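Asker: Attaching a single structure in structure tokens format; questions to follow.
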Amino acid sequence: MNKDIKMTNDKKLEEGGGQDFLGQDFLEDELLRVVDFQKIGTKQKIIKIEANVQECQLLIKRFKINDLSDLTAFCTIKQENEIQHVKFSLDVKLKAVAIQNCIISLEPTVENIDVDFTVLFAGKKYFKDSEGETDFSEDDADVVLLGGRGQMNVNIGEIIAQHIALNLKPYPKKEGITGKELGVVIISEKEAENNKLQKKNPFDVLKTLKK
């Protein structure tokens, strides 16, 4: 196993430059951690990523939230045996602390992000259908197209940033807030579904009259 590598801002360009997995210029990314997958050998590579204050500020602006701190990610990259044309896998243990405003009281509410996820990197053949046409489906959401030799630089920082966005609460609510503060009542999805089932179909009355 390779020795753990800690990638911080001063080493973020150490392993290459170019474009990220979305074809964007690396320099546009808020969290820049470029890895040249072509240099990854048969042993897995472990990387620890820690975002500095400046990077967190850029992500705060991007996500339009109050604050983001303690962003760390432990990443394990390893070669796969190319079953179904998958070349590499990236396993990430991501932690961060975000602050957003409660949608009811507008008070700051803290969110602790603690997630594990896996991203696969595959060649073009992975995305080809039976007729040889490129085909992307919802099942490919965590599969990234990886270029050929000389085009295997990936900004894994952008992948981490996107998963932070996916794990931010879309409707943050401060603990203890019930909704009564604004004259409304907040119910759970299960309660909403039960209420829907309890509502009688108006045509049921007609069925009764026909009997």
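The values are calculated or read from the model by the stated rules, or taken from the named source; none is laboratory data. What you see is a predicted model; the values in this text were computed from it and never measured. Note that we place each Cβ from the backbone using ideal geometry, even for glycine, and neighbour counts take in every protein chain shown.
Asker: Quick one: which strands (runs of 3 or more DSSP E) sit completely within the range 32-88 and have at least 1 residues that are farther than 30 Å from Leu106 by Cα and without any contact (Cβ under 8 Å) to a residue 60 or more places away in the chain?
Answerer: So the answer is 45-50, 67-79.
Asker: A further question on this structure: Just one of the numbered conditions (1) at pLDDT below 95; (2) assigned to a strand (DSSP E or B) is not true of Glu111; which one?
Answerer: Looking at each condition in turn, Glu111 falls short on (1).
Asker: Any idea which residue in the range 1-54 is modelled with the lowest pLDDT, counting only those that are among the small types (Gly, Ala, Ser) and either out of contact with any Asp or Glu (no Cβ under 6 Å at 6 or more places or on another chain) or within 14 Å of Phe88 (Cβ to Cβ) (or both)?
Answerer: Gly17
Asker: I need a count of the residues in the range 144-168 that are assigned to a loop (DSSP other than H, G, I, E, B) and either buried (at least 19 other Cβ atoms within 10 Å of the Cβ) or at pLDDT below 95 (or both).
Answerer: Within the range 144-168, residues that are assigned to a loop (DSSP other than H, G, I, E, B) and either buried (at least 19 other Cβ atoms within 10 Å of the Cβ) or at pLDDT below 95 (or both) number 7.
Asker: Continuing with the same structure: Of the numbered conditions (1) outside any loop (DSSP other than H, G, I, E, B); (2) surrounded by fewer than 16 Cβ atoms within 10 Å (Cβ to Cβ); (3) not hydrophobic (A, V, I, L, M, F, W, C), Ser105 satisfies every one except a single condition; which is it?
Answerer: (1) is the only condition that Ser105 fails.
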